[in-house]
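Notes follow once the structure below has been shown.
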Amino acid sequence: MLRYRIVMATPISEVTVLGAGVMGAAIAAHIANAGIRVRLLDLPGDPAKQQKRNHAAEAGLEATRKAKPAAFVSPRFETLVSTGNLEDDLPAAAASDVIIEAIIENLEIKRRLYQRIEALGGTAVVASNTSGLRIADLMEGRSPDFRRRFCITHFFNPPRYLKLVEIVAGADTAPETIARAEDLCGRLLGKGLVRAKDTPNFIANRIGTFAMMRTMSEAIAQGFTVEEVDMIFGPASGRPKSAIFRTGDVVGLDTLLHVTQNCYDALTTDERRDAFDPPQVLRTLVDRKWLGSKAKQGFYKKVGDQILQLDFKSLDYVPQTKPRFPSIGATRGVDDVDERLRRLLAGSDRAAALARKITYETLIYAANRLGEIADDIVSIDRALRWGFGWERGPFETWDALGVKDTAAKMEAAGFTVPGWVNEQVAAQGEGMRFYRPAPATAGSAPRLAQLGRQGGHTPLTDDPLQISLDAVRAAGGEVERNPSASLLDLGDGVFCLEFHSKMNALDPDIVAMTMRAVDRAEREGVGLVIGNDAPDAFCAGANLFSLMVALGQGNFAAVGDMVANFQNAALRTRYARVPVVAAPFGLALGGGAEVILGCQHVRAAAELYVGCVEVGVGLIPAGGGCMELAARAAARASDDPQFDFLSLVRVPFEMLARARVSTSAEEARDLGYLRVQDTVSMARETLIADAKQVVLGLARAGYRPPPPRRIRVIGESGAATLRSALRNMAGAHQISDHDAKIGAGLARILSGGNVPTGSFVSEQVLLDLEREVFLSLCGEQKTRDRIQHMLTSGKPLRN
């Protein structure tokens, strides 16, 4: 199944969201993030409380403005949301392209609202964000026409950050309704779509809640602590750091209780219905209003600087003890999630025993649900990965552990393996897998095939809007490679420079491949994309270890050469004769930010966390970052001799000195890392393909590189003003003396050196100053201490 469909004939330009609670307002914010006008409605205000008519909607919107993490990608997008109420403004909703209902999870209240919407007429798709109510129940009493344009679009909280949207069709839902809903949620909002069946709590909440409830109940019964459970079922087992109890606190314990209670009440024929009976401690916490993060206490409570954990027996909060288990220790330092899980489950301590029990039960439960909640295993796996943040879904986990061997261990432990799984094990033997490579076809990239319940593997459908670099490589598209980078042929004359060092950190191999990539693109193609398929980091900065080795050897000449080569690579991408488009996503820090700044065009993923953070290791950006930010500030200056040019330069100066990192691509634009002409992809998965299209568009338009710039600078007097501010901050103990020294170096670069205010200097002048200041700071012991601290702890040291 395609992740989402191709562009619809009639564009979606307006959406109405009904319900301005936590989810409704956050959904409205994310729709606005996509540049779509959205109307947010809720109940009218209470005159007895002197509330305005739109009080509820405005309060919901205001809460979303203040949400942490941020619901809006930039405050600029808040203006796309208008508020109203369900009495005065509901008629206007009929003219919307899509109406999303996100009111209280009460069947009768929802039915009454649908009756009012139906009376308005219109052709809008009506979708519910219900977390578990069935369409068959919601649509009772509705007309055939309304049933045809109704479906479920179940977002996960927070909707900006969690990828999953479950799409559910009813018996009467029209195909064009589903296509419209998938166009909005997939193509426009960038979500990962999974088709779920019309069953209670759909896919992710059904399996994920089962796993959470079984873990809670079993852990409490066996005397585990909150902290121990979250250690076992966090990254060690391929789950998020929030694991079980912290996840419950984040979601809200009242919400968790509602979901699991709904499962227990509705799943009367489920063979594991008992698992959904909420533990008494969960009921007690909800009764006490200890609802988790929103109540500032749940399974955890922060007291001062200390995070306490709940004691299950006394229900008091007690300090964490940092427990140790050999099975958990065996997973540390292991990057491969499958190997981590294998090591954890192979352990002999009580942590491993609990992990085995819950893992086995979850895999069995998921296998028994195939055909009931979803038609294929990939939908179940994607739902858990995208909705609950698991690194592997249930069937992917089973493959990682070995299906036949794990089935035998389950039987030996007293569990009943689903009959259809045993049948497939008998048919396939040792080679039994839920996923396997699909048969190769001429001219196509390799892909996976998934096992069906009745046997036989069916190839997964390719998404035409995505480019997988691994698939390009497997099809013979890798044309050059070294230990840290590759050059791939994306077709149509477009090449892709891919980093694949640890965290995609910059090193001499990446710099060398950058030069070769531009050379080949100019010689044999029409343009170049700089991007990769890593899960979290476009480029997390420079390789600090190699820098520390060179400094330890006193080899400053080698460090100077490294800096000069990086600067030359940035100039090469900036002034290439063909378009070079950066395709950043996730973390783009330090040198990664400078790679972006060195490209004339950027196609960024919406979730981009970019910043020049070198001050955290006692250094300054020296790959052209300071020069580029100075040039962008100068370009905004007026020719008026009275213009306060220093005010413009203060912006990049303070941003670099504070190591400020954007929280989105749009905030990166606000900060100056992206420009007006740079564009954004809402879906991370389409980024490489989107960047390729940008390259082709620029090439068709007759791309020509710009001429080198003369950059207006603030000169020595401006630098003196900045240094004075630094001394004042150091005197007030707002920054350390070493911070002030680094800031003075930044001021020297941005000022252009010892020149008069308003002078114009070449790019090379600023690049030379970058290199000079960088090498000077490398000679400082406090800078070396910062680098060493970052290498050993992963955290900045402010000394």
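The values are calculated or read from the model by the stated rules, or taken from the named source; none is laboratory data. Everything quoted here is computed from the prediction, not taken from an experiment. When we count neighbours, we look across all protein chains shown, and the Cβ atoms used for this are built from the backbone with ideal geometry, even at glycine. The protein model used for the area step is the full one, side chains on, heavy atoms only, and it has no ligands, DNA or RNA in it. Shrake-Rupley method; radii C 1.70, N 1.55, O 1.52, S 1.80 Å.
Odds and ends about this structure:
- A search for C-beta distances below 6 Å between a residue of the range 68-97 that is closer than 23 Å to residue 294 by Cβ and any residue that is of a type in the set (S, T, N, Q), counting only pairs 6+ apart in sequence or on different chains, returns 70/663; 71/64; 73/33; 73/664; 83/54.
- Within the range 703-724, the residues that satisfy the criterion of being outside any helix (DSSP H, G or I), of a type outside the set (D, E, K, R) and open to solvent by 40 Å² or more (accessible area, probe 1.4 Å) are 705, 706, 707, 708.
- Whichever residue in the range 297-334 is hydrophobic (A, V, I, L, M, F, W, C), part of a loop (DSSP other than H, G, I, E, B) and over 19 Å from residue 280 (Cα atoms) and, among such residues, is farthest from the chain's Cα centre (by Cα): 325
- Test result for residue 62, modelled with pLDDT of 95 or more and either of a type in the set (Phe, Trp, Tyr) or more than 26 Å from residue 167 (Cα to Cα) (or both): yes
- Residue that is nearest to residue 243 (Cα to Cα) [pool: residues in the range 281-296 that are in a loop (DSSP other than H, G, I, E, B) and more than 26 Å from the chain's Cα centre (by Cα)]: 290
- Residue identified as assigned to a strand (DSSP E or B) and open to solvent by 10 Å² or more (accessible area, probe 1.4 Å) among 195, 187, 246, 180: 195
- When restricted to residues that are buried (at least 19 other Cβ atoms within 10 Å of the Cβ), modelled with pLDDT of 95 or more and not in a loop (DSSP other than H, G, I, E, B), the range 84-109 contains 7.
- Residue in the range 342-354 that is among the hydrophobic types (A, V, I, L, M, F, W, C), in contact with a Pro (Cβ under 9 Å, 6 or more places away or on another chain) and open to solvent by 10 Å² or more (accessible area, probe 1.4 Å) present: no
- Only one entry in 727, 786 is in a helix (DSSP H, G or I) and farther than 30 Å from residue 555 by Cβ, namely 727.
- Of all residues making up the range 62-82, the number that are hydroxyl-bearing (Ser, Thr, Tyr) and open to solvent by less than 40 Å² (accessible area, probe 1.4 Å): 2
For every residue, the table says whether it meets (1) of a type in the set (A, V, I, L, M, F, W, C); (2) open to solvent by less than 60 Å² (accessible area, probe 1.4 Å); (3) modelled with pLDDT under 95; (4) over 18 Å from residue 108 (Cβ atoms).
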{"position": "139", "(1), (2), (3), (4)": "yes, yes, no, no"}
{"position": "143", "(1), (2), (3), (4)": "no, yes, no, yes"}
{"position": "146", "(1), (2), (3), (4)": "yes, yes, no, no"}
{"position": "150", "(1), (2), (3), (4)": "yes, yes, no, no"}
{"position": "170", "(1), (2), (3), (4)": "no, yes, no, yes"}
{"position": "175", "(1), (2), (3), (4)": "no, no, no, yes"}
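- Whether a residue is open to solvent by less than 30 Å² (accessible area, probe 1.4 Å), assigned to a helix (DSSP H, G or I) and polar (S, T, N, Q) was assessed, and residue 255 does not pass this test.
- Of the numbered criteria (1) part of a helix (DSSP H, G or I); (2) surrounded by 23 or more Cβ atoms within 10 Å (Cβ to Cβ); (3) within 20 Å of the chain's Cα centre (by Cα), the one residue 395 fails is (3).
- Residue match in the range 26-37 (condition: in contact with a helix residue (DSSP H, G or I) (Cβ under 8 Å, 6 or more places away or on another chain), modelled with pLDDT of 90 or more and among the charged types (D, E, K, R)): yes
- Scope the range 200-236; condition of a type in the set (Ser, Thr, Tyr) and in contact with a strand residue (DSSP E or B) (Cβ under 9 Å, 6 or more places away or on another chain); matching residues: 225
- The set of residues in the range 454-489 being more than 23 Å from residue 192 (Cβ to Cβ), of a type in the set (A, V, I, L, M, F, W, C) and surrounded by 19 or more Cβ atoms within 10 Å (Cβ to Cβ) consists of 485, 487, 488.
- Total residues in the range 532-552, condition of a type outside the set (Asp, Glu), part of a loop (DSSP other than H, G, I, E, B) and either at pLDDT below 95 or under 21 Å from residue 795 (Cβ atoms) (or both): 5
- Breaking point among (1) over 12 Å from residue 383 (Cβ atoms); (2) in a helix (DSSP H, G or I), for residue 160: (2)
- Residue in the range 611-622 that is buried (at least 18 other Cβ atoms within 10 Å of the Cβ) and in a strand (DSSP E or B) present: yes
- Of residues in the range 547-559 being in contact (Cβ under 8 Å) with a residue 24 or more places away in the chain and buried (at least 16 other Cβ atoms within 10 Å of the Cβ), the one farthest from residue 791 (Cα to Cα): 559
- Of all the residues in the range 19-61, those that are surrounded by 23 or more Cβ atoms within 10 Å (Cβ to Cβ) and of a type in the set (Asp, Glu) number 1.
- Test: residue in the range 744-755 that is over 26 Å from residue 639 (Cβ atoms) and not hydrophobic (A, V, I, L, M, F, W, C): yes
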